[in-house]
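The values are calculated or read from the model by the stated rules, or taken from the named source; none is laboratory data. Please read these numbers as outputs of a predicted model, since none were measured by experiment. Note that we place each Cβ from the backbone using ideal geometry, even for glycine, and neighbour counts take in every protein chain shown. Accessible surface areas use protein heavy atoms only, side chains included; no ligands, DNA or RNA. Shrake-Rupley method; radii C 1.70, N 1.55, O 1.52, S 1.80 Å.
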Amino acid sequence: MKYHLLSLKWSKGNHYVWWGPNNIGYTTDLEKAGVYTEEQINQQKHYYCNTSTMPVQVEVVNNGIQQRVSVADCDNYKLFGIGEHLKAAVEY
C-alpha cells in the first residue's frame, strides 16, 4: 500500500498539511505531497506514526478530496480515522 503522511502538528485552519517527498517540507497541495510505502513506514514506525504524524492510505485521501487540497473538516477527520489514531499513537 501507498500512503501520504498527514502532519497533525502543522494542520491548522481549513486545510490538512502533508509531508513532502523524501521527508522534505510540507504542503497542502496533494500533487506535491510525498508518497510513502508501507515498508518505509514500518521501518521507522515511531517517526512516521505518532501524535504529530499519521500515515493515511492514498486511496482514502483521494476519497476525501473536495479540491486538490484536503479540507480539514469533521467529515475528513472521521474518514481519515484521526481520532482513533490519536488514541493509540505514542508521543514523538
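Match the structure shown to one of the listed values (i) 17.4; (ii) 18.1; (iii) 12.9 of Kirkwood radius over Cα pairs in Å, computed from it, and give that label. So the structure-derived entry is (iii). Taking all protein chains as they are arranged and a probe of 1.4 Å, the heavy atoms of GLU59 leave approximately 130 Å² accessible to solvent.
Using helices alone, what [θ] at 222 nm do you get for the chain, with -39,500 (n - 2.57) per DSSP H run of 4 or more residues, divided over all residues and rounded to the nearest 500? Calculated from helices alone, the mean residue ellipticity at 222 nm is -8000 deg cm²/dmol. Close amide H partners of SER70, meaning residues 5 or more places away or on another chain with modelled amide H under 5 Å apart, are TYR16, LEU30.
On a per residue basis, the chain carries 60 Å² of accessible surface, using protein heavy atoms and a 1.4 Å probe.
Nonpolar atom fraction for the chain, defined as the carbon and sulfur part of the 1.4 Å probe accessible area, stands at 50 percent.
Proximity of backbone amide H atoms, modeled 1.01 Å from N, is registered between TRP10 and no other residue at under 5 Å, excluding neighbours fewer than 5 places apart on the same chain.
For LYS87, the lysines whose Cα falls under 26 Å of its own Cα, not counting residues fewer than eight places away in the same chain, are LYS2, LYS9, LYS12, LYS45, LYS78. For LYS45, tell me the accessible area in Å² from a 1.4 Å probe, rounded to the nearest 10. About 100 Å², ignoring ligands and nucleic acids.
State to the nearest 20 debye the size of the charge dipole of the chain about its Cα centre, where the only charges are +1 on K and R beta carbons and -1 on D and E beta carbons. The partial results should precede the final answer.
On the way: 8 positive and 9 negative charges, 35 e Å.
Dipole about the Cα centre, nearest 20: 160 debye.
Quick one: go through region 5-40 and flag any residue whose amide nitrogen is under 16 Å from the point 7 Å out along the Cα-to-Cβ line of GLU91. So the set is 9.
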